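The values are calculated or read from the model by the stated rules, or taken from the named source; none is laboratory data. Not measured: the values here are computed from a predicted model. No Cβ is skipped: glycine too gets one built from the backbone with ideal geometry, and neighbour counts run over all protein chains shown. To get the accessible areas, we keep the full protein, side chains included, count just its heavy atoms, and leave off ligands, DNA and RNA. Shrake-Rupley method; radii C 1.70, N 1.55, O 1.52, S 1.80 Å.
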Amino acid sequence: MKSFFYTVFVLCTAISCTSTEYNKSTLTEINRQQLLIGEWYPQSEYCIEYPLDSEPQVMAPGEFEFLFKFCLNAYRFFDDNICENHLGFYEYGDPENGYSLSYPYRIPFDKRPSLYDGSEGPRWLDNIIRSYGKRSPYRVYDDSLFIYEPGLKKWIGQRMVFHTTDSLTLFSRNDSISETYIRKTIRVKKKRFIDQIIVKYPETSYSSYTQFSIQRSGEYLSISDRGEFCTGKLGEGVFEQIEDMFKKADQATPLAFYRYSDKSFGDGYGPDITFIMNGQMKTLESVFWCVPMTERAFYHAFFSVLFMPDYAHIKPNLTDPQHLPADTQNQLWGFWKFVRSDSTEIGLFSTECLYLMTQMLKSKLATQEFDPTYKLMDYDYRSGKYTLRAETDGRFYRYLSDGVSVTLDIGFNLIEKNELEKRLSPQ
């Protein structure tokens, strides 16, 4: 009797194993496309290379900690032949030889860039002309997957081999590189998470230095390197989609664990990002220094918001901002700081300055008196000196407009809410 049950067990096990393993000859195009539908993430953080003249090698973790040899791609395939590349699709100035985010294997093994490349800043960013977002058509032909690359304006093919229903390997041209993916569904929390995101995009060969803010309400505000304010409206659900991606990142590694900045590194490259969570500012200056490349889910979310002005079809309108201290719009790229009477100061990152601007823009005029314990100063590049913009206690901001005293109430004390006094330092 025991041998009978053992035989049945072995047979069932064999059947269950073979039911999820696939052979190239048994799959049709329709089978492969049906199997492909879903979300796929790299099985390993590191790319696996197959040099034509040597044995396959796996890149050792830690050996090239800052080199761009990580597999950041992840995909979601829909049944209407639309593919979502979580990393995004880009147009590059030099797609063949320049630094590339989408296809690291196009760069020779020993010349791959890091996301942050020391004194030269993020060089791959300097090669990007624009982002096309995350979605593009795909099709399955025989045993190959073809995804349309809008930046190259052509279809890129990769041979695919399914190992099980939840595991597949994609081979690049000439089978020189393979990446193995596993099917994974990540459910996100429904609770409210982020209320506002502010981003600084550094100046590159193809883009000007700019900052923009997006809010849950759909409000969009950007400021150019010339100090021009533009407002716009996000499409329905855009903010929530970006928030969901940061929720996925938070579930992988809580955002609270990242090294948030309280003093500037002073490198000036960026990009920077500030989250407004529960009314508090959380700033990551020079993101590529603060967040390891292995945090794949974070970078999927970060790239979505960093390049959002390229693909979100926002129609910005040039506007003349109200409720801002005189000449502020012409001094955007100066650094704001709060200065106390004892000559100690609190510095603000540029993204935090823009956050304060958004609060001033929707503030109310006030008449009550207050004790101005700080002076809001701004660096004037024309004079090379800091200039007084307003007197404040953190909540009320008083300044002169055409010789008339104006007081704004932003509704809360920015300094106390964010414990900014911890940043106090001598001038």
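Filter the stretch 368-411 for residues that are of a type in the set (D, E) and touching a Lys or Arg at 6+ places or on another chain (Cβ under 9 Å); which is nearest to S341 (Cα to Cα)? So the residue we want is E391. Checking each residue in the stretch 220-240 for being among the aromatic types (F, W, Y) and outside any strand (DSSP E or B) picks out only F239. Whenever a residue of the stretch 232-254 is touching a residue at least 60 places away in the same chain (Cβ under 8 Å), its partners that are among the aromatic types (F, W, Y), lying with C-beta atoms within less than 6 angstrom and at least six residues away or across chains, give the pairs G232/Y220; L234/Y220. Among residues of the stretch 202-217 being among the aromatic types (F, W, Y) and either buried (at least 20 other Cβ atoms within 10 Å of the Cβ) or in contact with an Asp or Glu (Cβ under 6 Å, 6 or more places away or on another chain) (or both), the one that is modelled with the lowest pLDDT is Y209. When the stretch 246-275 is limited to residues that are in contact with a strand residue (DSSP E or B) (Cβ under 7 Å, 6 or more places away or on another chain) and of a type in the set (S, T, N, Q), the one that is modelled with the lowest pLDDT turns out to be S264.
Looking at the structure I just gave you, is E243 among the acidic types (D, E), modelled with pLDDT of 80 or more and surrounded by fewer than 18 Cβ atoms within 10 Å (Cβ to Cβ)? For E243, the condition - among the acidic types (D, E), modelled with pLDDT of 80 or more and surrounded by fewer than 18 Cβ atoms within 10 Å (Cβ to Cβ) - is not met.
Put simply, of R159, R192, R226 the only residue that is within 30 Å of I30 (Cβ to Cβ), free of Cβ contacts under 8 Å to residues at least 60 places away in the same chain and not hydrophobic (A, V, I, L, M, F, W, C) is R159. Only one of the numbered conditions (1) modelled with pLDDT of 85 or more; (2) of a type in the set (V, I, T); (3) under 30 Å from S44 (Cα atoms) is not met by V291, and that is (1).
Could you list, ordered by first residue, the pairs with Cβ atoms under 9 Å in which the first is in the stretch 311-339 and over 19 Å from Y381 (Cα atoms) and at pLDDT below 70 and the second is crowded, with 16+ Cβ neighbours inside 10 Å and small (G, A, S), at least 6 apart or interchain? Listed by first residue and then by second, the contacts come to H323/S363. Filtering the stretch 10-45 to residues that are open to solvent by less than 50 Å² (accessible area, probe 1.4 Å), within 15 Å of S144 (Cα to Cα) and modelled with pLDDT of 75 or more leaves R32, Q33, L35, L36. The set of residues from the stretch 64-84 being at pLDDT 70 or above, in a strand (DSSP E or B) and within 20 Å of I177 (Cα to Cα) comprises just one member, Y75.
Here the condition is being modelled with pLDDT under 90, under 30 Å from T204 (Cα atoms), open to solvent by 40 Å² or more (accessible area, probe 1.4 Å) and not hydrophobic (A, V, I, L, M, F, W, C); of P61, P137, P108, P113, it holds for P108 alone. Considering only residues in the stretch 277-288 that are closer than 12 Å to K417 by Cα and at pLDDT below 85, the one that is most open to solvent (accessible area, probe 1.4 Å) turns out to be N278.
The one condition from (1) touching a Lys or Arg at 6+ places or on another chain (Cβ under 7 Å); (2) among the aromatic types (F, W, Y); (3) modelled with pLDDT under 90 that Y220 does not meet is (3). Restricting E203, E179, E219 to those that are of a type in the set (D, E, K, R) and under 17 Å from the mean Cα position of the chain (by Cα) reduces the list to E203.
Residues are listed down the side, and each one gets a yes or a no for (1) among the acidic types (D, E); (2) modelled with pLDDT under 90:
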residue	(1), (2)
D342	yes, no
K364	no, no
T373	no, no
Y379	no, yes
R382	no, yes
Y386	no, yes
A390	no, no
